[in-house]
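Read through the structure below, which is laid out as structure tokens, and then see the notes.
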Amino acid sequence: MIHKTAVVDKGAEIGKGTEIWHFTHIREKARIGKDCIIGQNCYIENVSIGDKVHIQNNVSVYDLVTLEDEVFVGPSAVFTNDHKPPSYGKEWRPTLIKKGASIGANATIVCGVTIGEKAMIGAGAVVTHDVPAGEVWVGVPARRIK
């Protein structure tokens, strides 16, 4: 299901059973797996998104971000891909969110990190370092609590 207000550029790959909601833009080289839900007002650049991924409203997933299968991204979460402001020169870094990880609402994931399988990031956290599998991180900057 692709809502009539969504824009899906020619060349984008969208898996069977995936839902794309209101005012979302999917770029031409995006690869989205099957049975995903992409909420309203999202922007999906030329990235890889696995199967059964849920991206809530108002999330932008920029180049060099990979979301593996069964990832949950809460409303208004932020992913970055450039470690330095443009005036200092580009320093693009890949970000990997592993299978089953959960990103809370309004969390910010600074580029260059890996969030491990089934890890959980609390709402509003700012992640600046790798998060091991199964751990729970919260706060600014994010730190391990469990």
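The values are calculated or read from the model by the stated rules, or taken from the named source; none is laboratory data. Owing to the predicted nature of the structure, the values given are computational and were not obtained by experimental measurement. Positions of Cβ are generated from backbone atoms using ideal geometry, with glycine treated the same way; all protein chains shown enter the neighbour counts.
Of note:
- Considered as a group, the residues in segment 7-33 that are more than 20 Å from L64 (Cβ to Cβ) and out of contact with any strand residue (DSSP E or B) (no Cβ under 9 Å at 6 or more places or on another chain) include one that is surrounded by the fewest Cβ atoms within 10 Å (Cβ to Cβ), and that residue is K10.
- Scanning segment 34-71 for residues that are surrounded by 20 or more Cβ atoms within 10 Å (Cβ to Cβ) and assigned to a strand (DSSP E or B) yields I38, I44, I49, I55, V61, V65, L67.
- Enumeration of residues in segment 110-132 that are assigned to a loop (DSSP other than H, G, I, E, B), over 16 Å from V71 (Cβ atoms) and of a type in the set (V, I, T): V110, T128
- Tabulated pairs, segment 89-113, first farther than 17 Å from S48 by Cβ, second in a strand (DSSP E or B) and at pLDDT below 95, C-beta under 7 angstrom, 6+ apart or interchain: K90/D82; E91/D82; T108/V78
- Subset of segment 118-130 [closer than 13 Å to G100 by Cβ and touching a residue at least 24 places away in the same chain (Cβ under 8 Å)]: none
- Per-region count, segment 61-92, residues modelled with pLDDT under 95 and polar (S, T, N, Q): 3
- For first residues located in segment 4-21 and of a type in the set (S, T, Y), partners that are part of a loop (DSSP other than H, G, I, E, B) and lie 6+ apart or on another chain with Cβ distances below 7 Å form the pairs T5/H22; T5/F23; T18/K34; T18/D35; T18/C36.
- V126 being aliphatic (A, V, I, L, M), surrounded by fewer than 20 Cβ atoms within 10 Å (Cβ to Cβ) and modelled with pLDDT of 95 or more: yes
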